[in-house]
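What follows is a set of notes on a single structure, which appears directly below.
Since every read-out is calculated from the coordinates, none of them should be taken as a lab result. Being a predicted model, the structure only gives us computed values, none of them experimental. Cβ coordinates were reconstructed from backbone atoms using ideal geometry, including for glycine residues, and neighbour counts include every protein chain displayed.
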Amino acid sequence: MQIVRSVTRMQKLALKLKKQGKTIALVPTMGALHKGHLELVARAFRMADITVVSIFVNPTQFAPHEDFSRYPRNLALDCKLLRPLGVDIVFHPQPQDIYPTGFDTYVVPEKIATILDGESRPSHFKGVDTVVLKLFNIVQPDFAVFGRKDLQQSVVIKQMVKDLNVPVKIVVAPTVRDADGLALSSRNAYLSVDARRRALVISRSLFAARQLVLSGERNTAKIRNFVRRQLVKDAKADVDYVSVADAETLAELRRISGKIAISLACRIDGVRLIDNVVLKVG
Ligand code: PAF
């Protein structure tokens, strides 16, 4: 497994591999890897000749008050987890290499970035789209694998790829959870024992909402209220949003039909967590 730190070197290497007819699968990450990331890597490994994992804590997707500086970073541990999975290249650029002095061009998603997470994190998806397109241009992947836990992120990236004719197939892999239901996230490390216990209400309320839909409930307002009540009462959470939306467009629904996503974002003791369930209603 090679660790490549230089943008120019990574791009040259990728172009050389492509010339040799190799396919490349990329798993973009910010490091602090957990089992969820490792599932994405295993998926990438099965899809292409060369597996690249990028590890880069992207400053432009964090607002000034957010956790950029304290975001967990441990390259040695991440590499230790990746090596047994057959990863060919870890791409670990430095911020000044990705955003050199004079950097002045961003990818700005429009409507899709103003709802849900975009409402409480207004420039977040601009930072995500910008870095992801840069990673695509540097690594030249045929496939890129993202986790469904970040559902809106995957929708925003698919839209960018479609709108800008980027020749990459976006693959979205299921959310990985701890045995007690908590969706794996690098930010779970910020939770105290008590906050983690209360955070279990997140998946529990989503699973219960899914059950309500499967039992015939079609009124989306009832489902949103049902989830919100549990988050406030049982988890003492500050709720950013509870959404029942079309799973492909994330447009809010009044009545349930088709493939839907029930998603939420809330803060537990100041730690912002997101989660969702996706289901098809006949
Ligand atoms: O999901 C993440 O870890 C990040 O948003 C991503 C896609 C690596 C872009 O920085």
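Just a few scattered comments:
- Given charges at Cβ of Lys, Arg, Asp, Glu: segment 163-282 dipole, positive-most of Val172, Leu273, Val239: Val239
- The amide H of Val107, built 1.01 Å from its N in the peptide plane, has Thr130 as neighbours under 5 Å, considering only residues 5 or more places off or on other chains.
- Note on segment 192-282: with charges restricted to the Cβ of Lys and Arg (+1) and Asp and Glu (-1), its dipole about the Cα centre is near 280 debye.
- Three-way shape label, segment 34-91, alpha-carbon gyration tensor, a/c 1.5: prolate
- Computed magnitude of the charge dipole of the chain (debye, nearest 20; Cβ of K, R +1, Cβ of D, E -1): 560
- Cα-based Kirkwood hydrodynamic radius, segment 174-282, one decimal, Å: 14.0
- Projection of the Cα convex hull of segment 97-175, averaged over all directions and equal to a quarter of that hull's surface, yields 5.6 nm².
- Highest mean packing comes first when the peptides 94-101, 247-254 are listed by Cβ atoms within 10 Å, giving 247-254, 94-101.
- Prolate/oblate/rounded call for segment 167-226, Cα gyration tensor, a/c under 1.5 rounded: oblate
- DSSP-loop trypsin sites (Lys or Arg not before Pro) across segment 1-83, with at most 11 other Cβ within 10 angstrom: Arg70
- Length-normalised contact order for segment 1-100 - Cα pairs under 8 Å, 6+ apart - percent: 42
- The chain - mean residue ellipticity at 222 nm from DSSP helices (-39,500 (n - 2.57) per run, n ≥ 4, rounded to 500): -12000 deg cm²/dmol
- Lysines with Cα under 29 Å of Lys162, excluding same-chain neighbours fewer than 8 positions away: Lys12, Lys16, Lys18, Lys19, Lys22, Lys111, Lys126, Lys134, Lys149, Lys259, Lys280
- Take 263-272, 176-185 and order them by the average number of nearby Cβ atoms within 10 Å per residue, most first; the result is 263-272, 176-185.
- Taking only the C-alpha atoms of the chain, Rg followed by Dmax gives 19.1, 58 Å.
- Reach of Lys169 by Cα under 12 Å, taken over aspartates and glutamates that are not fewer than 8 positions away in the same chain: Asp142
- J(HN,Hα) series, segment 94-111, from Karplus relation 6.51 cos²θ - 1.76 cosθ + 1.60, nearest Hz, glycine and proline x: 9, x, 6, 7, 7, 10, x, 3, x, 4, 8, 10, 10, 9, 10, x, 9, 4
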